[in-house]
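The values are calculated or read from the model by the stated rules, or taken from the named source; none is laboratory data. Nothing here was measured: the structure is a model prediction, and the numbers come from that model. Cβ atoms come from the backbone with ideal geometry, glycine included; neighbour counts cover every protein chain shown.
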Amino acid sequence: MPHYEVVDTDDVPLQDLSESTEMPPDLNIRAIDAALGTEQIGVKLWYFEPGEEIGYHAHSEQEELFYVLEGEFSLKLGESGEEEYVEAGPGTFWVAGPEMGHGHRCVGDEQGVVLAIGAPYVDDPGLDPHSLD
């Protein structure tokens, strides 16, 4: 049965991941996917203080799309041993396919916010890209 949902960002609770042992890193997020009840796509807003990061990792099945809403970031992208660093500010998109290494650090002096969209939705906290063949 077709359905739709609408949610305002401010109505989605801000979660402090430092209180969770199940999901690193210790950042704040808004789980937009949970608020909308999505089943096939993950959607999160990640909030970074200067210096905070999501470490270099990969996913076995999920493709992820990212968009910088606020702040300045340094991206680490690519296969193990062939990583590239790219600077990204508001308005920048990037994508990482399955088994592709990626991570990003907030390098600005102000809070950064990144929209992350992943599909298919999988419970996959990440793989070490250095261990992939």
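Structure data summary
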item: Of all residues making up segment 104-133, the number that are at pLDDT below 95, surrounded by 13 or more Cβ atoms within 10 Å (Cβ to Cβ) and of a type in the set (Gly, Ala, Ser); result: 4
item: Count of residues meeting criterion [at pLDDT 95 or above and either of a type in the set (S, T, N, Q) or over 16 Å from GLY55 (Cα atoms) (or both)] in segment 73-87; result: 1
item: Members of segment 50-64 found to be out of contact with any Lys or Arg (no Cβ under 6 Å at 6 or more places or on another chain) and not in a loop (DSSP other than H, G, I, E, B), listed by number; result: ILE54, GLY55, HIS57, ALA58, GLU63, GLU64
item: Exclusive hit being buried (at least 17 other Cβ atoms within 10 Å of the Cβ), touching a His at 6+ places or on another chain (Cβ under 9 Å) and on the phi > 0 side of the Ramachandran plot, set GLY71, GLY78; result: GLY78
item: Spans of strands (runs of 3 or more DSSP E) in segment 65-133 with at least 1 residues touching a residue at least 40 places away in the same chain (Cβ under 8 Å) and under 20 Å from LYS44 (Cβ atoms); result: 73-77, 102-106, 112-119
